[in-house]
Every structure is written in C-alpha cells, then in structure tokens.
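Worksheet: one structure, shown below.
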Amino acid sequence: MRPFVNHPNHHLSVRVPWNDTGWGGQVCSDPTSNTSCMVLGRIHEERDDLFEVEAAGRPFLELAQSNRPPCWRENGAFLSAEELVDERRHEYAKGNNEIYNHLQPTKLVTPPNSLMAVPFRWTLKEKAHELAERHQIDVRWEREDELSEQLGWKNPPAWMQDRDNQLAMLDTFFGALEPRRSLVFLYAKAIPLIDQQPGQRILMGWVGSRTSDR
C-alpha cells in the first residue's frame, strides 16, 4: 500500500439518515412523519411503516435483527451506547454461484458511539481509475475483466469486484487517517424543516456538554 501523495492529514465525511430520537439506537418516535430518511435507497425500499409504528421508540436491540428498521444499517444508530451486531451474508452467495457459495454469514460489530464509513467513490470504477493513478495505487484493471468473464457478466457492476483491487484502494484510503487528528464530518441528504436544493448535503452538529476522550 502506498500512502496518499501530498495528503498529510485526511478527513472523512459520513452519511447518516435522519432519526427523530437522536441516533441513540431506537426506532423513530413518529416513524411515518420521518420522510427525510426516505431519500436513501435502502430505507425507501425496505422501510415497513406499519411495523415501525407499532415499534415506535423501542431500542433496536429489543428487536430481532430481521425486524430492525433499515436505517440501522445506514448509520442510524451511531450514538448508541450499546454494541450493535449485524450478521450478513454476501449478496453473491445468496445465489447458486460456485465462485461465491462458499462464503458464510459474517458478523459485523459496530462498537458503541461509532459508525461505519464506506468510501463509495474509491470503489466506483469510473472514479477509481483517476484516484489510483493520482495516488500511485497498485490496481490491476485486467483482474476486473477476468472476473467479469468468469462470472459471465455482460454488463459488469459499476463497482470494483476484485478482492486485491478493493483492498489496495481501501487500505490506501483508511491508511491516510490519523488518530486524534483526522476529523469526521457527518451529513444528511435531507432533514426536516429546511428547504434544500437537489443534491445538497446538510452537515450535522451538536451543541451541549457531551464530552469524549475518543
């Protein structure tokens, strides 16, 4: 892995959905009034309003994983004081593909008061070419073509698929973060009571006495 070129201190921006309970790990207190979170594709497709109304205000940990609102996988509980465990199986392993059907369910653990960052742009092929060249990252694009051929994809996904290519990009990205120096900026695509322009992001901030040594 090569470090960033001319990037002595790298920061993160992380997307979060709107939650009317303060992201502490609970279902919204008034789920059907929260339309802001619906701008995120997963939430728009998977949200079950009838169930969420019945479970309004309940902690996610009291609910079976299959019943938790989709926002919990979109950093909707990043201020939870409890550890959250998510057992997932790779999407490709759900089919009958011999290349991926050996993959077993994996537990992803989110520690208290934390969230997951996904560098979308760094694994999107259209953007990754320029980033890999700029930062001198060892990405072998022929691997993407070989994998597409093995899987019989006529229209390959827009995202990088090869494991080594992904690791090269992700290790470079996260390797540029510096503990206690790198900042994390949280943003939402939509929040209530504010008129927004298409594509506008809203930075999230807090005023209060909460302190942390992290």
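Computed from the coordinates by the stated procedures, all read-outs in this text should not be read as laboratory data. Bear in mind the structure is a predicted one, so any value in this text is a computation, not a measurement. For neighbour counting, all protein chains shown are included, and Cβ atoms are generated from backbone atoms with ideal geometry for every residue, glycine included.
Note on His102 and Ile194: with the Förster distance fixed at 45 Å, the Cβ-Cβ geometry gives a FRET efficiency of about 0.40.
Please report Thr123, Thr106 as a ranked list, fewest other C-beta atoms within 10 angstrom at the top and most at the bottom.
On the way: Thr123 19, Thr106 10.
Result, fewest neighbours first: Thr106, Thr123.
With both labels modelled 7 Å from their Cα along Cα-to-Cβ, the Lys125 to Arg181 distance reads 3.6 nm.
Peptides 167-179, 17-29, 41-53 ordered by packing proxy, namely the average of other Cβ atoms within 10 Å per residue, highest first: 17-29, 167-179, 41-53. Distance between the 7 Å Cα→Cβ label points at Glu45 and Leu63: 1.8 nm.
In loop segments of the range 70-155 as defined by DSSP, the trypsin sites (Lys or Arg not before Pro) with at most 16 further C-beta atoms inside 10 Å of their C-beta are Arg89, Arg140, Lys154. The chymotrypsin sites (Phe, Trp or Tyr not before Pro) of the range 54-160 meeting both criteria, a DSSP state outside H, G, I, E and B (loop) and at most 15 other C-beta atoms within 10 angstrom of the site's C-beta, are Tyr100, Trp153.
If each residue of separation counts as 0.36 nm, what is the full-extension length gain between Gln166 and Leu151 once their alpha-carbon separation is subtracted? Can you show the working numbers first?
Working: separation 15, 0.36 × 15 = 5.40 nm, distance 1.76 nm.
Answer, rounded to one decimal: 3.6 nm.
In terms of the Cα gyration tensor, with a ≥ b ≥ c the square roots of its eigenvalues, is the range 17-85 rounded because a/c is under 1.5, prolate because a/b exceeds b/c, or oblate? Rounded is the answer for the range 17-85, as its axis ratio a/c remains below 1.5.
Projected label points at Gln136 and Arg89, each 7 Å from Cα along the beta carbon direction, are separated by 4.4 nanometres. Measure out, as a whole number of angstrom, how far apart the alpha-carbon centroids of the range 138-195 and the range 29-54 sit. Cα centres, the range 138-195 to the range 29-54: 27 Å. With Rg/Rh (Cα atoms, Kirkwood Rh) defined as stated, name the option among (1) 0.98; (2) 1.02; (3) 1.28 computed from the structure displayed. This structure yields the entry labelled (1).
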